[in-house]
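Contents: one structure, followed by commentary.
The values are calculated or read from the model by the stated rules, or taken from the named source; none is laboratory data. The shown structure was predicted, so the numbers you read here are calculated from the model rather than taken from an experiment. We place every Cβ from the backbone using ideal geometry, glycine too, and count neighbours over all the protein chains shown. Only protein heavy atoms, including side chains, enter the accessible area calculation; ligands, DNA and RNA are left aside. Shrake-Rupley method; radii C 1.70, N 1.55, O 1.52, S 1.80 Å.
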Amino acid sequence: MPFYVSPEQQMKDKADYARKGIARGRSVVVLQYEDGILFVADNPSRALHKISEIYDRIAFAAVGKYNEFENLRLGGVRYADVNGYQYDRRDVTARGLANVYAQSLGTIFTETNKPYEVELVVAEVGESADLDQIYRLTFDGSVADEHGFLAMGGQADAVSQALKERFREGLPLAEALRVAVRSLEAQDSERRLEARSLEVAVLDRNREHRLFRRLAEARVSALLSEEPGAAAAEDEDEGSSES
């Protein structure tokens with residue numbers, strides 16, 4: 001006699017399975033800073049990236065099973081390349097890409113036995129902070145429009161609470177990076193994150209054409225060791241000398 005499982009219970013079991021898989025890893029933080037959008041992952045691997053470029057102004061971050069979110073990333077790159085070639089590069093947007101991912105994840109969640117154990121962020125930097133777009137997608141295809149900051153994967157609740165206490169709008173890059181790193185350390189109070197344990201990238205609105213930039217370990221280390229307010233003081237000194 002076949003064992004019956006109600007659709008509601010089946011969906012709940014799938015969701016619990018996916019959440020447990022995502023929580024096994026370590027978090028990724030995405031936050032806005034004065035010149036764009038910053039991505040920071042607790043990821044010592046130099047081969048397996050959690051943060052990647054998708055298109056000119058669009059980046060992708062993910063947590064969960066690497067092979068699953070890598071398949072999604074590659075699909076997003078193909079979608080962006082084809083649409084940019086057939087129509088116009090400006091027609092490729094984070095909103096359109098998020099909708100494509102939502103459809104794919106929703107179909108996988110409802111029609112297959114095993115859901116994807118992934119959580120994604122698709123972000124597009126605008127000409128000003130008000131025009132930045134950050135979309136968070138969960139394993140079942142749900143989409144949330146985020147503002148300011150977010151944390152996903154691992155102990156995301158603890159990291160989010162730490163971000164809420166530290167974040168403010170218009171942070172310079174060095175300070176935003178320190179906020180992200182200190183918040184990631186909320187996953188383990190005894191662990192101090194150093195540059196070699198981090199994967200860091202930005203969407204920098206001040207660049208031209210391709211706005212995605214991955215920060216090397218030396219640059220991350222320099223930013224983390226920079227004294228708070230040093231950049232502002234340097235700018236003031238330069239302004240005084242010019243006058």
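Over the stretch 18-142, all Cα pairs binned in 5 Å intervals from 0 give whole-percent P(r) values of 2, 11, 21, 23, 20, 14, 7, 2, 0, listed from short to long.
For GLU124, the shell of other residues with beta-carbons less than 10 Å away shows a net charge of 0, using +1 for Lys and Arg and -1 for Asp and Glu.
Calculation over all alpha carbon pairs of the stretch 117-171 in 10 angstrom steps from 0 returns a P(r) of 21, 49, 28, 2 percent.
The tail of the calculated P(r) for the chain, taken as Cα-Cα distances beyond 33 Å, holds 21 percent of the pairs. Going down the table (LYS65/LYS114; LYS12/LYS65; LYS20/LYS114; LYS12/LYS164), which pairs top 23 Å between alpha carbons? Correct reply: LYS12/LYS164. For the residues GLU34, GLU53, a 1.4 Å probe over the protein chains yields an accessible-area ranking, largest first, of GLU34, GLU53.
Taking every C-alpha pair closer than 8 Å and separated by at least 6 residues, the mean separation divided by the residue count of the chain gives a relative contact order of 26 percent.
Proximity of backbone amide H atoms, modeled 1.01 Å from N, is registered between ASP56 and no other residue at under 5 Å, excluding neighbours fewer than 5 places apart on the same chain. Here's the list of aspartates and glutamates a cross-link from LYS14 could span, going by alpha-carbon distance under 15 Å and ignoring same-chain residues fewer than 8 apart: GLU111, GLU117, GLU119, ASP140.
Highest mobility in the GNM of the chain, judged by mean-square fluctuation with C-alpha springs under 10 Å and restricted to ASP56, ASP13, ASP81, is found for ASP13. Using the 1.4 Å probe convention, the accessible area of the chain works out to 54 Å² per residue with neighbouring protein chains retained. For the chain, the longest principal axis of the C-alpha atoms and the axis of helix 94-111 are separated by about 30°. Expressed as a whole percent, the accessible surface of the stretch 59-123 that belongs to carbon and sulfur atoms is 47, based on a 1.4 Å probe.
Evaluate the relative contact order of the stretch 131-215 (contact order divided by residue number), counting alpha-carbon pairs under 8 angstrom at least 6 apart; express in whole percent. It comes to 17 percent, rounded to a whole number.
Peptides 102-114, 20-32, 36-48, 212-224 ranked from most to least packed, by the mean per-residue count of other Cβ atoms within 10 Å: 20-32, 36-48, 212-224, 102-114.
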